[in-house]
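Encoded as structure tokens, the structure appears first; notes follow it.
Please treat every number below as a calculation from the coordinates, not as lab data. Fair warning: this is a prediction, and the values are worked out from it, not measured in the lab. Because the Cβ atoms are built from the backbone with ideal geometry, glycine has one as well, and the counts that use them run over all protein chains shown.
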Amino acid sequence: MRAISLWQPWASAIAAGLKTIETRHWPTDYRGPLAIHAAKKTTRYQKQIWEDNVEDPKEVDARDHFRKIGILRWEDLPFGAIVATAELYGMASTQQISAEGFCLIHDRPWGDFTAGRYGWLLRNVQPITPIPCLGRQGFFDWEPPCP
């Protein structure tokens, strides 16, 4: 299965059902199953995003979404692990996303929708118990464990 690394809390925002559009500076022709990997890297900026969007939200109350996947605090976020699987079913420029009225109520705080970027459209997201994994830049191959 293909996988992609995201920093936290963005990776877990996908697992929590808050983020259905992954914004990147590059498009892809790939469509199909995609594992969502939470990178090991942590920065003050990441923690600030958590504080702004979860601890003191201005728009969508994300706390209940994170709570449903067992994340109550910043310290509960998994790092260096696959946290969800999804289907990458489409691609759109951020200009298309804005012009065509995609529902961004949950996604807006979790993506960079500035002009010139691309939205990877995700559906059928399945949060999973975090599975330790080394991430990589770009796509990488990940083999789900046998049941």
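Of all residues in the range 108-124, those that are free of Cβ contacts under 8 Å to residues at least 40 places away in the same chain have Cβ atoms under 6 Å from Cβ atoms of residues that are part of a strand (DSSP E or B), 6 or more apart or on another chain, in ASN124/GLU87. Checking the stated criteria, VAL83 turns out not to satisfy the condition of being crowded, with 16+ Cβ neighbours inside 10 Å and either over 26 Å from ARG44 (Cβ atoms) or out of contact with any helix residue (DSSP H, G or I) (no Cβ under 6 Å at 6 or more places or on another chain) (or both). In summary, helices (runs of 4 or more DSSP H) completely within the range 1-69 and bearing 2 or more residues that are surrounded by fewer than 16 Cβ atoms within 10 Å (Cβ to Cβ) occur at 44-50, 63-68. Of the residues making up the range 73-88, none is among the hydroxyl-bearing types (Ser, Thr, Tyr) and out of contact with any strand residue (DSSP E or B) (no Cβ under 6 Å at 6 or more places or on another chain).
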